[in-house]
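The values are calculated or read from the model by the stated rules, or taken from the named source; none is laboratory data. The shown structure was predicted, so the numbers you read here are calculated from the model rather than taken from an experiment. Here Cβ is always computed from backbone atoms with ideal geometry, including for glycine, and neighbour counts include all displayed protein chains. SASA here: full protein model, heavy atoms, side chains in, ligands and nucleic acids out. Shrake-Rupley method; radii C 1.70, N 1.55, O 1.52, S 1.80 Å.
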Amino acid sequence: MPVNLAYRAYQLLWEAMDWLFPPTCGGCGVSGARWCMQCTQKTIQILSPICPICGNPNLNNETCKRCLSTPPLYTSLRSYSVFNGSIREAIHRLKYQHDIGLGEALARLMITRLEMLNWSVDLVTPVPLGLVRFKERGYNQATLLARPISLFFTIPFSSQALSRTRETRTQVGLTVRERMENMSGAFQARKEWVYEKKILVVDDVAASGATLNACAKALLEAGASKVYGFSLARAVYSPKGEIDLS
Ligand SMILES: [Zn+2]
Ligand SMILES: [Zn+2]
C-alpha cells in the first residue's frame, strides 16, 4: 500500500523532533529511537487462538463463555499485544510522562495489525478521557494513537464523536461485573459524526472490553451501524476470570 502524504508528513514532523531532541526508547531506554526494534521483537503479540468477538486469548478460536452469555454490543475487539514488559513501560511513559512522540511510534505497530484485519471503517475515534483527567494530562493518549492510524488509512478522524458523561474510577482491581457497572452510561456519542457509520474506537489498553462496550452502546444509540475496537495492549484474563496486570 503506498504511504499517503498526510501520514508521511506526520511522521516527518516527529522525525524532525527526533533530530532536535534525540529520543530514547519508551520501552527499554536505549538511545536512538522512540521505540526500538528489540522491544518490538520482545513484545508478545496477541494472534490466534482468540475469541472472534472480544479477542481475548483462548484455546480453540471459538466464542468465549463471557461473549456467549453476555454478547457484546461491538462487532470485534482486537489488541496488538499483551500488556506487559516494554509495551507496558512505553504506555506508562506515553500516559504519565508526557512522552507524546511515542504515540506515532506505537501507532506503527497497531497499523501493521489493522492492515491484516482489513476492517471496513468510516470513522476513527479515540476513547475519550474525562474532563478532569484531560485537564490534568493536557492530552489524550488514545488520540495520539488514533490520529496516525486515521492518516495512514485515510479514514476521517474525530475526537468529538464520543465524550464522557461523568468521571469513572480506575478499572484496575475491579471484577468484570464491577467494570461493566463502572462504565455503564459513561459515554455519549454525537449523531452528526456517527450516524450510519462504521466506527473504529482506539484505546491504549483494553482488558474486559467493558469500556468499548459502553462506547458501543452510546455509538449505536446515536445511529452508528457497527463498532470495532482496537487497543495497543491487552491486560489478559487469568483462568480465574480476574484481570492479570502482571
Ligand atoms: Zn527498546
Ligand atoms: Zn469473547
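Listed values, structure above:
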read-out	value
Odd one out for Phe134, checked against (1) farther than 19 Å from Cys215 by Cβ; (2) out of contact with any strand residue (DSSP E or B) (no Cβ under 7 Å at 6 or more places or on another chain)	(1)
Test for Cys54: is it free of Cβ contacts under 8 Å to residues at least 24 places away in the same chain and open to solvent by less than 30 Å² (accessible area, probe 1.4 Å)	no
Complete set of residues in the stretch 1-23 that are surrounded by fewer than 17 Cβ atoms within 10 Å (Cβ to Cβ), within 16 Å of ligand 1 (Cβ to nearest atom) and farther than 22 Å from Phe152 by Cα	Pro22
Breaking point among (1) under 25 Å from Val227 (Cα atoms); (2) within 16 Å of ligand 1 (Cβ to nearest atom), for Ile46	(2)
Subset of the stretch 184-237 [within 16 Å of ligand 2 (Cβ to nearest atom), open to solvent by 10 Å² or more (accessible area, probe 1.4 Å), out of contact with any helix residue (DSSP H, G or I) (no Cβ under 8 Å at 6 or more places or on another chain) and not in a loop (DSSP other than H, G, I, E, B)]	Leu212, Tyr228, Tyr237
Inter-residue pairs, beta-carbon under 8 Å, first in contact (Cβ under 8 Å) with a residue 40 or more places away in the chain and in the stretch 214-226, second hydrophobic (A, V, I, L, M, F, W, C) and surrounded by fewer than 23 Cβ atoms within 10 Å (Cβ to Cβ), 6+ apart	Ala216/Leu73; Lys217/Leu73; Leu220/Leu73
Within the stretch 31-49, tally of residues that are open to solvent by less than 70 Å² (accessible area, probe 1.4 Å) and either small (Gly, Ala, Ser) or free of Cβ contacts under 8 Å to residues at least 24 places away in the same chain (or both)	4
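Residue-by-condition table, conditions (1) within 16 Å of ligand 2 (Cβ to nearest atom); (2) part of a loop (DSSP other than H, G, I, E, B); (3) more than 16 Å from Leu106 (Cβ to Cβ):
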{"site": "Leu12", "(1), (2), (3)": "no, no, yes"}
{"site": "Asp18", "(1), (2), (3)": "no, no, no"}
{"site": "Gly26", "(1), (2), (3)": "no, yes, no"}
{"site": "Gly29", "(1), (2), (3)": "no, yes, no"}
{"site": "Ala33", "(1), (2), (3)": "no, yes, no"}
{"site": "Thr40", "(1), (2), (3)": "no, no, no"}
{"site": "Pro52", "(1), (2), (3)": "yes, yes, yes"}
{"site": "Gly55", "(1), (2), (3)": "yes, yes, yes"}
{"site": "Asn60", "(1), (2), (3)": "yes, yes, yes"}
